[in-house]
Amino acid sequence: MITAYDFPTAKLVEEAGVDIILVGDSLGMVVLGYDSTVPVTMDDMIHHTKAVTRAAKRALVVADLPFLSYHGTIEEAVKNAGRLMQEGLAKAVKMEGGTEIVPIVNRCVQAGIPVVGHIGLTPQAVHQLGGYKVQGRDLQAAKRLLSDAFALQEAGVFAIVLEAVPEEVAAMIASKLDIPVIGIGAGVHCDGQVLVFHDLVGYASQLTPRFVKRYTDIGEQIRAAVASYVQEVEARAFPAQEHVFHATEETIQQLYGEGVSKP
């Protein structure tokens, strides 16, 4: 699984063999410039999900339900989840939370909406958690994560994202569940992994958490390319002759007149 927030990115990651594309509410921080995921709206999610689904022909597209879009009534949650599928054309939605969201998950599944769970570090609750901290370090917290995972599985989620959890705890959860566990900062024993595209390729990513591996640095390549463009434009080296078009000699004479110097 990898995140994508627009058409060209989704096209590239699918061509590279990714199985699941997540339109994460992380787009708030990654592409919209917010300090957290909290300001992201339903309209933001639908807009970006539509762009991704236009490109994805094979990969499963999962879209995040943003902050407060499923924390009111169950009816409101189902309506918003339905919007991501009807308007955004997502194939499934993702929700953060454990036992407290079980009734919502259950109702969405009953309505025919496939749901992915998300426990551990849940970015929408970052202020409540006191920051971006590893979850499940002590026995009580680890047991709570396992309880949440079982509750979500029972409610009908078809997969769970497990974020920023000790590897040993994640391995235990993955071994006990019947559904896939997709890790991010949760070790190698999960059934799959997810990373933010911009972190993976170094595309103007401002975050460098320990669990991220940067496979290339396209940001540096982009900066260098644009700097070269700026220099060539200022020096009138671009556009060169191979980049321009020419009028006929007759048109040039009519435009400039005889004996007038041409550019």
Legend entry - Single condition ALA125 does not satisfy, out of (1) crowded, with 18+ Cβ neighbours inside 10 Å; (2) modelled with pLDDT under 95; (3) within 23 Å of the chain's Cα centre (by Cα): (1)
Legend entry - Those helices (runs of 4 or more DSSP H) lying entirely in segment 130-236 with at least 3 residues farther than 24 Å from ALA92 by Cα and not assigned by TED's automatic domain parsing to the domain that holds GLY98: 218-234
Legend entry - Subset of segment 1-40 [among the charged types (D, E, K, R), surrounded by fewer than 16 Cβ atoms within 10 Å (Cβ to Cβ) and touching a residue at least 24 places away in the same chain (Cβ under 8 Å)]: ASP19
Inset, instruction - Write out, first by first residue and then by second, each pair whose Cβ atoms fall under 9 Å of each other, whose residues are 6+ apart or on separate chains, and whose first residue, in segment 80-99, is on the phi > 0 side of the Ramachandran plot and of a type in the set (A, V, I, L, M) while the second is part of a helix (DSSP H, G or I) and at pLDDT 95 or above. - result: LEU89/THR49; LEU89/LYS50; LEU89/VAL52; LEU89/THR53; LEU89/ARG54
Legend entry - Single condition PRO66 does not satisfy, out of (1) in contact with an Asp or Glu (Cβ under 9 Å, 6 or more places away or on another chain); (2) over 20 Å from VAL109 (Cα atoms); (3) buried (at least 21 other Cβ atoms within 10 Å of the Cβ): (2)
Inset, instruction - Identify the residue in segment 1-33 that is among the small types (Gly, Ala, Ser) and part of a loop (DSSP other than H, G, I, E, B) and, among all such residues, is farthest from VAL181 (Cα to Cα). - result: GLY33
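The values are calculated or read from the model by the stated rules, or taken from the named source; none is laboratory data. Since we're looking at a predicted model, the values are computed, not measured. Positions of Cβ are generated from backbone atoms using ideal geometry, with glycine treated the same way; all protein chains shown enter the neighbour counts.
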